[in-house]
1. What distance in nm lies between label points placed 7 Å from Cα along the C-beta direction at D36 and C142?
2. Would you kindly state how much longer the chain becomes between K172 and S54 on full extension, computed as 0.36 nm times their sequence separation minus their alpha carbon distance, in nm to one decimal?
3. At Y158 and N47, where each label point lies 7 Å from the Cα along Cα→Cβ, what is the point-to-point distance in nanometres?
4. Return the sequence-ordered ³J(HN,Hα) values of region 36-48 in whole Hz as given by the Karplus equation 6.51 cos²θ - 1.76 cosθ + 1.60 applied to θ = phi - 60°, using x for Gly and Pro.
Amino acid sequence: MGSESDATAQVKKVSVKDELAGEMKGWKNFVDGVIDRYQGERRWLINMLFDIQSEFRYLPHFALEHLAKRLEVSLSEIYGIATFYKAFTLKPRGKHVVTVCLGTACHVRKSLAVLEEFQRALGIEPGETTNDGEFTLETVNCLGCCAKGPIVVVDGEYHGNMTPSRVRSVLKEVIRGGRDGTEKYRGAGDTPALAS
Ligand code: FES
């Protein structure tokens, strides 16, 4: 079992490198499969981007470059679309995405304190991914269920009436098994890699 400082050291604010992702086996086949699914028609470009993002959890440069070549469209056009729509992200995201609402209703119920506790626990700032690629921390301005604020969404699951004291138990639940009961965190053993 590692010490608390060992655990802390595992969680740093370094993004997963695009080049590393590029070494992922079979990525080209995957992108080709997506293009073929839409018969290589550029009018389906946005759908292709969604499919690629759902596979990689972001839009990697190497995939966009390949897409541009195959569809014979400029890379800048693809980047234009990828940056125009908020649903797309060009930064690597972790396996688990934690979204903290900072909208007015949640803010008055102290969502900032909740966010700060997530920052402390994960050792990252909003918009960053932990070094091990496990967690991405994000903020949003309203999730449409203000009455239950402060709201935090973890991997699509809503947690209402969040408090700073519940932050670590929510994260430990994700680390220990997640909703499908499988071990999601590799290499941490029984010790959640949460910063102190
Ligand atoms: S302000 Fe947070 S859900 Fe609306």
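Here, each number is a calculation from the coordinates, and none is a lab measurement. All figures in this text were calculated on a predicted structure; none of them were measured in a lab. As a convention, Cβ positions derive from the backbone with ideal geometry for all residues, glycine included, and neighbour counts pool all protein chains shown.
1. Going by the 7 Å Cα→Cβ label model, 4.5 nm.
2. Full extension from K172 to S54 adds 40.0 nm.
3. With each label placed 7 Å out from Cα toward Cβ, I get 3.0 nm.
4. 5, 4, 9, 6, x, 8, 5, 5, 9, 3, 5, 4, 4
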